[in-house]
1. Neighbour counts of other C-beta atoms within 10 Å: give me A:Phe249, A:Phe73, A:Phe267 arranged from fewest to most.
2. Return the lysines within reach of B:Lys137: Cα separation strictly under 29 angstrom, same-chain partners fewer than 8 residues apart disregarded; answer none if there are no such residues.
3. When A:Ser261, A:Ser153 are ordered from fewest to most other Cβ atoms inside 10 Å of their Cβ, what list results?
4. B:Lys62: which lysines have alpha carbons under 21 Å from its alpha carbon, excluding same-chain residues fewer than 8 sequence positions away?
5. Read phi for every residue in the stretch A:98-109 and hand back ³J(HN,Hα) as whole Hz from Karplus 6.51 cos²θ - 1.76 cosθ + 1.60, θ = phi - 60°, with x for Gly and Pro.
6. Peptide B:87-100: average number of partner chain Cβ atoms within 10 Å per residue?
7. To the nearest 20 Debye, how big is the dipole of chain A about its Cα centre, given +1 on the beta carbon of each Lys and Arg and -1 on that of each Asp and Glu?
8. Give a residue-ordered list of calculated ³J(HN,Hα) values for the stretch B:160-172 (Karplus: 6.51 cos²θ - 1.76 cosθ + 1.60, θ = phi - 60°; whole Hz; x for Gly, Pro).
Amino acid sequence: MNRASPRRDVPPPTRLLKTPEGGARAPERVFEVICLLALMLPLLLLVVLIAQAFTDGRERLTWEFLTSYPSRFASQAGILPALVGSACLMMLTAVIAIPIGVGAALYLEEYARESRWTSFIEVNISNLAGVPSIIYGLLGLELFVRAMRMGRSLLAGAATLSLLLLPMVIMASREALRTVPQSTREACYALGADRWQTIRRVVLPMSLPGILTGIILSLARAIGETAPLITIGALTYVAFLPDSVYSPFTALPIQIFNWISRPQTDFHVNAAAGIVVLLAIMLVFNGAAIWLRSRFQRRFS
Amino acid sequence: MTRVDRQRAESEAGSSDALASPKMRVEDLRAWFGRSEVLRGITMPVAERRSTAIIGPSGCGKSTFIRCLNRMHEVVRGARTSGRVLLDGEDIYEDGVNPVRLRQLVGMVFQKPNPFPMMSIRENVLAGLRLQGIRPKNRDDLVERALRQAALWDEVKDVLDRSGSSLSGGQQQRLCIARALALEPEVLLMDEPCSALDPIATAKIEDLIHELRKQYTVVIVTHNMQQASRVADYTAFLYLGELVEFGRTDRIFTSPSDPRTEAYITGRFG
């Protein structure tokens, strides 16, 4: 830069507070509109999808639809086994995935020392969360259905879904545990509490809303999983309710998949109605997560 | 600390009653974070039922020093120590000493008030016991006694069920003091307890320390020299991880023997 140059690099400040553009400059506005479009586009697609499913399936959205068994007559077919199957699957999955996932997160956050080994594990947990779900299905088929002889049962399905959820549950739980400030932990230690007492009475209660939110959101994802369940051989036509964890089963997404792949258009209406039910369930799950988070946030702030 | 200084400190210790049988005795204490040595061999006594101030510029190891007195230093990853810290003649770093039990005897108050956010004021005071799974019978008496000792009772006696984090910063800090006192410790460590507080709240905590030192052995870290001169019977000046000077507070502030101490207390650095 030429020092002798009298030219200023920065234009002299103007004393006028009002500019021709008003509040914001033009590029600022353009950027804002682009961002708004980026938000509206997926939102619009989502609304169209839901509206489409709703109008297509409206005529079959009756109480009978929820409480009937599948049938070869589209107008008489219902989703009861699929609904019950999905519910059982979710409960079993939660029972398996929550203790293991939260336990693993607690170990990594509270006990593990920093070493190559732990950072190797940490990286791979994040990688596992990105593995396609059909891979988990293949693993479940070989490990649970065949090697452990669980058969094509609810238990095998839940175990497979648990594998799929574990990375997400672990990561969400670790995130929640990290929100507990170190100073709070130190306050516990300084009061003569050991690690377990600190975790049980302070760290877990404080991070519980975050952990629960993560668990609910990952369960909401699992309830829509189709590929791994088809891979392990969940049935597509079930005319009974599961009576034990070893019972064969079907689930909502599988029922929908089955109906959609039929040539008769009447079954497509059933599929649309099933999609609306599935979306409603997911909405309830996500709503619960939001409610939990806001409720506890108010209590802690 | 030179040999002459150490002899002087020793002779001072010998001549003074309170230091004849100190509550704690630190011997050649060294502490590290990873590879960096933050305490370079500190030897000093902590007088019983007196207050001892640790002063020095930022980064001199004051906080690390006080955290070594109840083994809170080792809670941090990569932190370690060597040397001896005697509590009533027993080395707290000896094998077999349970740091959890030690911390029940040597309580601590931190720089930032840290009441438990999900607990009420009452629960916060009882937290030390509840954490250990103890359910005391005379809970109300215990809460009142601890809060009175912390000079907080009159302000909170009608709102004991409110959240601890609803209090002001100064009140929260006194709640933390009450929480530490409820365990009836023998030594109370305070790591810059007033640094996050306004002057009025600071004055209240200082008054409180005046009361507490009659009953407890108090060690307080402060970067505020006026505060040290107001609340401490003994003062230790730390600089770059070394103990430069230790002695009675009035002596340290009126006739420091080390030029670095003099430079620091007259405000020439730090």
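1. On the way: A:Phe249 27, A:Phe73 10, A:Phe267 20.
By the 10 Å Cβ count, ascending: A:Phe73, A:Phe267, A:Phe249.
2. Within the straight-line limit of under 29 Å, B:Lys137 reaches these lysines: B:Lys157, B:Lys214.
3. On the way: A:Ser261 11, A:Ser153 22.
Final ranking by Cβ density, sparse to dense: A:Ser261, A:Ser153.
4. Of all the lysines, those that pass the test against B:Lys62 - Cα under 21 Å, at least 8 places apart if same chain - are B:Lys23, B:Lys112.
5. 5, x, 5, x, 5, x, 5, 5, 4, 4, 5, 7
6. Numbers: counts 0, 0, 0, 0, 0, 0, 0, 0, 0, 0, 0, 2, 3, 7.
Per-residue shielding by partner chains comes out at 1.
7. Working: 27 positive and 18 negative charges, 198 e Å.
Using only the charged Cβ atoms, the result is roughly 960 debye.
8. Once θ is set to phi - 60°, the couplings for the stretch B:160-172 become 4, 8, 6, 5, x, 7, 7, 7, 6, x, x, 5, 4 Hz.
Each value in this text was obtained by applying a stated rule to the coordinates, not by laboratory testing. What you see is a predicted model; the values in this text were computed from it and never measured. We place every Cβ from the backbone using ideal geometry, glycine too, and count neighbours over all the protein chains shown.
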